[in-house]
1. Name every residue in the range 7-38 that is in a loop (DSSP other than H, G, I, E, B), closer than 22 Å to Cys105 by Cβ and free of Cβ contacts under 8 Å to residues at least 24 places away in the same chain, in order of residue number.
2. Which ranges mark the helices (runs of 4 or more DSSP H) fully within the range 338-447 that have 3 or more residues being modelled with pLDDT under 90?
3. Would you tally the residues in the range 171-190 being in contact with a Leu (Cβ under 8 Å, 6 or more places away or on another chain) and of a type in the set (Lys, Arg)?
4. Across the range 268-307, what is the number of residues that are part of a helix (DSSP H, G or I), among the small types (Gly, Ala, Ser) and either more than 20 Å from Lys177 (Cβ to Cβ) or open to solvent by 60 Å² or more (accessible area, probe 1.4 Å) (or both)?
5. Are any residues in the range 369-387 surrounded by 16 or more Cβ atoms within 10 Å (Cβ to Cβ) and in contact (Cβ under 8 Å) with a residue 24 or more places away in the chain, and if so, which ones?
6. Tally up the residues in the range 351-369 that are more than 16 Å from Arg381 (Cβ to Cβ) and not aliphatic (A, V, I, L, M), please.
7. Within the range 254-265, can you find the residues that are closer than 21 Å to Ala306 by Cβ and open to solvent by less than 40 Å² (accessible area, probe 1.4 Å)?
8. Quick check on my filter: what residues within the range 184-194 are more than 11 Å from the chain's Cα centre (by Cα), open to solvent by 10 Å² or more (accessible area, probe 1.4 Å) and in contact (Cβ under 8 Å) with a residue 24 or more places away in the chain?
Amino acid sequence: MGDIKGFLKVKRQVSKCRPVCERVQDYREVGILPAVEHSMEQASRCMDCGTPFCLWGCPISNYIPEWNDLLFRGKWEKAYLLLSATNNFPEITGRICPALCEYACVLEINDEAVTTRENELAIIEYAFKHGFIKPNPPKRRTGKKVAIIGSGPAGLSCADQLNKAGHNVVVFERDDKIGGILRYGIPDFKLEKRILDRRLEILKKEGIKFMPGINVGMDLKAPYSRKEFDAICLACGSRIPRDLPPKADQPAAEKIEGRELKGIYFAMDYLIQSNKRAQGVKFSSDELIDAKDKKVVVIGGGDTGADCIGVAHRQGAKSVTQIEIMPRPAESRTRDYPWPKYPLLLKATTSHQEAGIRDWSVSTKKFIGENGHVKKLSCCRVEFKKNESGHSVMEEISGSEFELDGDLVILALGFLPPERNNLLKESFLTSRRGVFSCGDMRRGQSLIVWAISEGRRCADFMDKYLTQENNLPII
C-alpha cells in the first residue's frame with residue numbers, strides 16, 4: 001500500500017449532500033461528487049490487511065484494496081480497469097449500494113470503515129470524465145444468439161458479460177424503456193436516469209440489441225423464443241408487492257379492514273409513477289398518486305419506504321410518518337451482529353434527514369375512511385417475545401391502541417415470489433434445457449449488487465453451455 005499508516009493519519013469523511021432546502025425542490029441527485037484530492041486522501045485509509053474481509057463482504061468480489069491503492073497513488077485509469085473487471089455498473093453501485101464491504105472492513109473493529117462506495121464512484125466518474133470508457137465491441141462473434149428477458153441489473157449484467165464473450169444478445173423488456181427497477185423503482189434523487197442512459201448507450205454501441213415494450217410470454221410466446229435463440233435467461237425480477245395481512249382470526253385470503261378505501265397504494269406503483277412524472281409523463285386525475293398537501297403514512301421501514309418518503313417531500317406533503325412493525329434497531333453493533341457480519345442497525349437515509357417522523361413496533365389493525373377515502377389508521381404497539389421453542393412471537397401490547405391521521409398511505413412491505421405468468425409456466429426455474437434464470441427471480445428480492453453478481457454468474461454458466469468452454473470470469 002502507498003501509505004500503510006494512512007488510516008492513523010486520516011479520519012473517515014463522507015462526501016457532502018446538497019442542502020435540504022434546495023434538494024426537496026427538485027429530483028436531481030442529492031449527493032455531491034467529492035473532489036479528486038478528497039477521494040485520494042480517503043483511499044489512503046485502506047490498510048494493508050492480512051485478510052481483506054471487504055472482499056468477503058462484497059457479492060461481486062471487487063478488488064477493493066488494490067483499486068484503493070491505485071486511487072491513492074493517482075493511477076486512475078488502472079484503478080478503473082481493475083474496478084470494471086468485476087463490476088459492470090460501478091456508477092450505479094457507487095450511488096445506491098448499501099456497501100456491505102464497508103461493514104466488513106477491518107477498520108470497523110475499532111474505527112470507522114474506509115469510504116469504499118464513494119471511492120468506487122470517484123473512480124468511475126473520473127473515468128467517464130477523462131474518456132477512459134469507450135464502446136469496445138467484441139472482436140469476434142460466436143454465432144450464438146441469446147435472449148435476456150428483463151432489463152434490470154441482473155439482466156443487464158448478464159447481457160453485458162455474454163456480449164463480451166462474443167454472443168449476439170437481445171434484451172427484452174415489457175416496460176416502455178430499458179432499465180427495470182433501475183429506471184422505475186429508484187427515484188432520480190438517488191439515481192438520475194442520465195446515468196443509466198449513459199451506460200445503455202455504450203452497451204448498444206457494443207452490440208447489444210434492446211427490445212422494450214415486449215412482454216415475453218404474452219406479446220411473444222415462449223415456444224417462439226426457444227426456436228429463435230440458442231439460450232434464454234429469465235431475469236424478470238420480483239415485483240409482486242406484499243400486502244398487509246388480515247387479523248390472526250381471519251382467513252389468509254381476506255384483506256385487512258378498510259383495505260378497499262381509496263388513497264392506499266403499493267410503494268412500487270407510487271415510485272414508478274413518480275419516476276415517469278419526473279420524465280415528463282402526464283397522468284389523469286383518476287390515475288394520479290400525489291402527496292401534495294396530504295398527510296402521508298408509509299408502512300414499512302426499509303429502503304423502499306425511505307424512497308417513498310423522499311418523493312412525498314418533493315411532492316409537497318403536509319406531513320410524512322413512517323411506521324415499522326419491528327423494534328427500533330440498535331445504533332451500534334450487538335452480539336447478534338459481530339464484525340464482519342452486515343449488522344441490523346438504525347439507518348437514516350437522506351430522505352429521513354429531510355423531514356418526517358419515524359415510529360417502530362407499530363402494527364396497523366385497520367383503515368378508517370370517510371366517503372370511501374382513507375383518513376386514519378387504527379394502530380397498536382407490539383413486542384416480540386421468545387416462545388418455548390426459542391422463536392420470536394409478536395404480541396400486541398394491551399391498551400396501546402392509537403389512531404394515526406393519514407389520507408395517503410403507501411405500503412412498502414417487500415415483495416412476494418416472482419410472477420407465474422405464461423412465460424414462467426413454460427420454463428420456470430430452468431426446467432427446460434437452455435433456459436437459465438438469475439437475479440431476484442432466482443434468489444428472491446435482494447440488493448442490486450447481488451443482482452449484478454447473479455447476472456455475471458449466470459452468464460458464466462450460459463457461456464459454458466453455448467461453447468463448452470470457459471471464456472468468462474466466475475465472479
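1. Correct list: Lys16 only.
2. Numbers: elements: 350-354, 422-427, 440-443.
Where helices (runs of 4 or more DSSP H) fall fully within the range 338-447 and carry at least 3 residues being modelled with pLDDT under 90, they are 422-427, 440-443.
3. 1
4. Of the range 268-307, the ones part of a helix (DSSP H, G or I) are 268-278, 303-307.
Checking the rest, the ones that are also among the small types (Gly, Ala, Ser) come to 274, 278, 305-306.
Checking which are either more than 20 Å from Lys177 (Cβ to Cβ) or open to solvent by 60 Å² or more (accessible area, probe 1.4 Å) (or both) leaves us with 305-306.
Counting residues in the range 268-307 that are part of a helix (DSSP H, G or I), among the small types (Gly, Ala, Ser) and either more than 20 Å from Lys177 (Cβ to Cβ) or open to solvent by 60 Å² or more (accessible area, probe 1.4 Å) (or both) gives 2.
5. If we filter the range 369-387 for residues that are surrounded by 16 or more Cβ atoms within 10 Å (Cβ to Cβ), which is where we start, we get 369, 374-382.
Selection gives Gly369, Val374, Lys375, Lys376, Leu377, Ser378, Cys379, Val382.
6. Quick first cut of the range 351-369, residues more than 16 Å from Arg381 (Cβ to Cβ) only: 351-356, 367-369.
From the residues that got through so far, the ones that are not aliphatic (A, V, I, L, M) too are 351-354, 356, 367, 369.
Within the range 351-369, residues that are more than 16 Å from Arg381 (Cβ to Cβ) and not aliphatic (A, V, I, L, M) number 7.
7. Listed by number, the residues that qualify are Gly263, Ile264.
8. If the condition is that a residue be more than 11 Å from the chain's Cα centre (by Cα), open to solvent by 10 Å² or more (accessible area, probe 1.4 Å) and in contact (Cβ under 8 Å) with a residue 24 or more places away in the chain, then Asp188, Glu192, Lys193 are the ones that fit.
The values are calculated or read from the model by the stated rules, or taken from the named source; none is laboratory data. All values reported here derive from a predicted model rather than from experimental measurement. Counting neighbours? That spans all protein chains shown, and the Cβs are built from the backbone with ideal geometry, glycine included. Accessible surface areas use protein heavy atoms only, side chains included; no ligands, DNA or RNA. Shrake-Rupley method; radii C 1.70, N 1.55, O 1.52, S 1.80 Å.
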